[in-house]
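**Q** A single structure is presented below for examination.
The values are calculated or read from the model by the stated rules, or taken from the named source; none is laboratory data. This one's a predicted model, so the numbers in the text were calculated from it and none came from an experiment. Because the Cβ atoms are built from the backbone with ideal geometry, glycine has one as well, and the counts that use them run over all protein chains shown.
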Amino acid sequence: MTAEVVDPGPVLLRSLVWPVFAPMALYGIGVGAAAPMYALRALDLDASAGAAGLIVALGGLGMVLTDLPAGRIVARIGERAAVGVGSVLGTVGVLAAIFAPNLGVLAVGLLLNGAAGAVWGLARQTYLVSVVAPEQRGRAMSTLAGAHRLGFFCGPFLGAALVHGFGPVGALWLQLVTTLLASAAMVTIRSGEIGQATLRPLHTVLSENRRALGTLGLAAVAVGAARASRSALLPLWAAHLGIDAATTSLLFGLAGAVDVLMSYPAGVWLDRAGSRVTGIACGICFAAGYAVLPFTYSALTMGAATMLLGLANGLSNGLIMTVGAFAAPEDRRAEFLGAWRLTHDVGMFAGPVAVGLVGAFAGLAAAGALLACGVGLGTIAMYRWFPGPVHRRKSRSLCGEPPTR
């Protein structure tokens, strides 16, 4: 017996500001404030610099491991209850990090935080897909992503006073409070259509959607790697050029501002021009930014490359979520989107790891070149398989047949 279908037509984006977008920004504030503090928390527990880096990476691993199970959770209990599950996981994870007596407990806390992010993210995405009209999905998804990025951008500034007074755990307390407040706001939503009578085994979900995941998913992996690798490669290259930490932070801040300012325009472009045009544009900007980075030699020239990568990241706002929304079969939406998010999150996890390994053995310039080539291949995949504008698409699921030109 399936749930009643929710008609997305009457739902306007402005009606989602307080129940969806504002909680997303609030959640992002806590994540942004705490993100740079987890490594310091590990150092407080006597971790080496290398071990601290590995422990921080466990947050991404937690997301990768939970993406597929998150699809089943949302499919079984609905978006609102899934938000509650994610909130419990996130709360326990942050508390474990705050009170961790050793590195093992801190590692568990970061894994739980990653798992919470996977469940939360999927619940929000499936909810928007079920209540927003198809011709507004690009704006809805880019606004959701932009709200998180706005919060993430503001978080370090808002958490600075707490860190000054209480050390790294001050930012973690801020994350705990914002997680609870955002959860309280999100659980007021009504669950959209779940639309599934029975749940399939995870391997069946992957097998049934192998064509979409093997074509569209290639681009999702590339975009995920390009996004996450900025925070790994750019600080290392700045240090290589002898740029001080304050200037590096300023460059990141300016790139973050470009990213946030592009959020809504990127969504409008998604709805009007389609994900193929938008994806190609962001792919070209990502590839060009990473390709020119090894040739930069000063704060000014590196700043130009950093701004280009910020523009690329802004153009990608909502791109992967929108493509997944149209690719998802209506009767298996949550399970498919869990698998779809996995492709992107694998890229998010693997990109920085590849930068570290290639940088260690072949140099940072080689890591930049590798990223440029990888994003270039992803751009070709977007050109080949990403769909055009909504009003030009045939009324069929992308899972059955990836769109062609």
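**Q** Could you tell me which numbered condition THR278 fails, if it satisfies all but one of (1) in contact with a Ser or Thr (Cβ under 6 Å, 6 or more places away or on another chain); (2) surrounded by 24 or more Cβ atoms within 10 Å (Cβ to Cβ); (3) of a type outside the set (A, V, I, L, M, F, W, C)?
**A** Among (1) in contact with a Ser or Thr (Cβ under 6 Å, 6 or more places away or on another chain); (2) surrounded by 24 or more Cβ atoms within 10 Å (Cβ to Cβ); (3) of a type outside the set (A, V, I, L, M, F, W, C), THR278 violates only (1).
**Q** Quick check: anything in the range 23-31 touching a Cys at 6+ places or on another chain (Cβ under 7 Å) and either among the basic types (Lys, Arg) or closer than 18 Å to LEU162 by Cβ (or both)?
**A** yes
**Q** Then there is this: Does the range 261-278 include one or more residues that are of a type in the set (Ser, Thr, Tyr) and not in a helix (DSSP H, G or I)?
**A** Checking the range 261-278: not a single residue is of a type in the set (Ser, Thr, Tyr) and not in a helix (DSSP H, G or I).
**Q** Considering only residues of the range 40-55 that are free of Cβ contacts under 8 Å to residues at least 60 places away in the same chain and in a loop (DSSP other than H, G, I, E, B), which is surrounded by the most Cβ atoms within 10 Å (Cβ to Cβ)?
**A** ALA47
**Q** In the range 232-260, how many residues are more than 18 Å from the chain's Cα centre (by Cα), in a helix (DSSP H, G or I) and small (Gly, Ala, Ser)?
**A** Going through the range 232-260 one residue at a time, the tally reaches 6.
**Q** Here are the criteria: (1) closer than 22 Å to MET63 by Cβ; (2) outside the structural domain of TRP269 (by TED's automatic domain parsing). Tell me which single one VAL163 does not satisfy.
**A** (1)
**Q** Among the residues of the range 328-359 satisfying the criterion of being basic (Lys, Arg) and at pLDDT below 90, which is nearest to LEU293 (Cα to Cα)?
**A** My answer is ARG333.
**Q** Can you tell me which residues in the range 127-160 are within 15 Å of the chain's Cα centre (by Cα) and either among the polar types (S, T, N, Q) or in the same structural domain as ALA339 (by TED's automatic domain parsing) (or both)?
**A** SER142, THR143
**Q** Would you point out which residue out of ALA70, ALA75, ALA107, ALA118 is over 20 Å from the mean Cα position of the chain (by Cα), in a helix (DSSP H, G or I), small (Gly, Ala, Ser) and under 22 Å from MET141 (Cβ atoms)?
**A** Sole residue among the options that is over 20 Å from the mean Cα position of the chain (by Cα), in a helix (DSSP H, G or I), small (Gly, Ala, Ser) and under 22 Å from MET141 (Cβ atoms): ALA75.
**Q** Suppose we filter GLU330, GLU335 for residues that are more than 24 Å from GLY267 (Cβ to Cβ), charged (D, E, K, R) and outside the structural domain of ILE73 (by TED's automatic domain parsing); which single one remains?
**A** GLU335
**Q** I'd like to check something: does the range 30-39 contain any residue that is part of a helix (DSSP H, G or I) and either out of contact with any helix residue (DSSP H, G or I) (no Cβ under 6 Å at 6 or more places or on another chain) or closer than 24 Å to THR322 by Cβ (or both)?
**A** yes
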